[in-house]
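**Student:** Pasting a structure below so you can have a look.
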Amino acid sequence: MTDPQRPLLQRPLLVFSDVDETLINVKSMFDFLHYRLVRRHGTAGEEEYERIMAVIRRRAADGTPREDINRFYYRHYTGESVAEIKSLADDWFTERSASTRGFYIDSTRAALRAHRAEGATIVLVSGSFPPLLEPLAREVGADAVLCTRPRIAAGAYTGEVDTPVIGEGKRAAVLGQLAARPDVDPLDCYAYGDHISDLPMLELVGHPVVVGDDTELRDRLADRAARLSGTGRAS
């Protein structure tokens, strides 16, 4: 439904934004895992968190695909009540967003708000999951959330996911969103990301924006821009 308070652009466009370390300064999945375990179990929860993260760091160092690490993460929710996780996630968001540590990356938050004020459709794209992303979506006025969705049975998480929305998963999710909007020219669209794994998403739009200092991501996008302009880059 069209929001009567929002202006209509002459040419409709979509604005896609990664979340972790693009819109917010933390990795939401891991920050929430720590929050959940410590809140429930105190020191024992801290130790469990460090054990899980040690496994994740080791797998990442060994070259395990990020999609597989994403699946490993969600196995730690097996049997968890969806309602209880949502309640904990709401508490996490309230506490983190009220923190003076700088929860948001202000430049991205301001850019998304400006896009929305101009009438653009805002879409968050993340490997994180709905309980953590929906409060953020409300805060920035996002119209849609494309994310990893853990499977649910009888009100509890099964520990399995269908498709991690990371790397090529992000590309596929964004392509689906663009296909659903034939009135939108991808060259008019924007995308924000911070990591080389965001490249497949950023390459789909005419206005990719790098948040942070990932040199490889910046170089790859510069090469792409040079190819599109036909100028090439000096070696």
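The values are calculated or read from the model by the stated rules, or taken from the named source; none is laboratory data. Because the structure is a prediction, the values reported are computed rather than measured. Quick reminder, even Gly has a Cβ in these numbers, built from the backbone with ideal geometry, and neighbours come from all protein chains shown. When the accessible area is computed, the model is the full protein with side chains, heavy atoms only, and any ligands, DNA or RNA have been set aside. Shrake-Rupley method; radii C 1.70, N 1.55, O 1.52, S 1.80 Å.
**Student:** Answer with yes or no whether K86 is under 13 Å from the mean Cα position of the chain (by Cα) and surrounded by fewer than 18 Cβ atoms within 10 Å (Cβ to Cβ).
**Tutor:** no
**Student:** Filter the stretch 57-83 down to the residues that are in a helix (DSSP H, G or I), touching a residue at least 24 places away in the same chain (Cβ under 8 Å) and either open to solvent by 30 Å² or more (accessible area, probe 1.4 Å) or aliphatic (A, V, I, L, M) (or both) and list them by number.
**Tutor:** Once the filter is applied, which keeps residues that are in a helix (DSSP H, G or I), touching a residue at least 24 places away in the same chain (Cβ under 8 Å) and either open to solvent by 30 Å² or more (accessible area, probe 1.4 Å) or aliphatic (A, V, I, L, M) (or both), the stretch 57-83 yields R66, E67, R71, R75, H76, V82, A83.
**Student:** Being assigned to a loop (DSSP other than H, G, I, E, B), within 19 Å of K27 (Cα to Cα) and in contact (Cβ under 8 Å) with a residue 12 or more places away in the chain is the filter; apply it to the stretch 100-141 and report the residue that is farthest from the chain's Cα centre (by Cα).
**Tutor:** Filtering first and then ranking leaves R101.
**Student:** Which fully enclosed helices (runs of 4 or more DSSP H) of the stretch 164-235 have 1 or more residues being without any contact (Cβ under 8 Å) to a residue 24 or more places away in the chain, surrounded by fewer than 16 Cβ atoms within 10 Å (Cβ to Cβ) and under 16 Å from the mean Cα position of the chain (by Cα)?
**Tutor:** Correct list: 168-179.
**Student:** On the given criteria, is E139 open to solvent by 20 Å² or more (accessible area, probe 1.4 Å) and closer than 22 Å to G212 by Cα?
**Tutor:** yes
**Student:** Let me ask something additional. Quick one: in the stretch 149-181, of everything that is hydrophobic (A, V, I, L, M, F, W, C) and in contact with a Gly (Cβ under 8 Å, 6 or more places away or on another chain), which residue is farthest from V123 (Cα to Cα)?
**Tutor:** A156
**Student:** Hey, does the stretch 153-162 have a residue that's part of a helix (DSSP H, G or I), at pLDDT below 95 and open to solvent by 20 Å² or more (accessible area, probe 1.4 Å)?
**Tutor:** No; the residues of the stretch 153-162 include none that is part of a helix (DSSP H, G or I), at pLDDT below 95 and open to solvent by 20 Å² or more (accessible area, probe 1.4 Å).
**Student:** Checking the structure you have, find out if any residue of the stretch 38-46 is at pLDDT below 95, open to solvent by less than 30 Å² (accessible area, probe 1.4 Å) and not basic (K, R).
**Tutor:** Within the stretch 38-46, not a single residue is at pLDDT below 95, open to solvent by less than 30 Å² (accessible area, probe 1.4 Å) and not basic (K, R).
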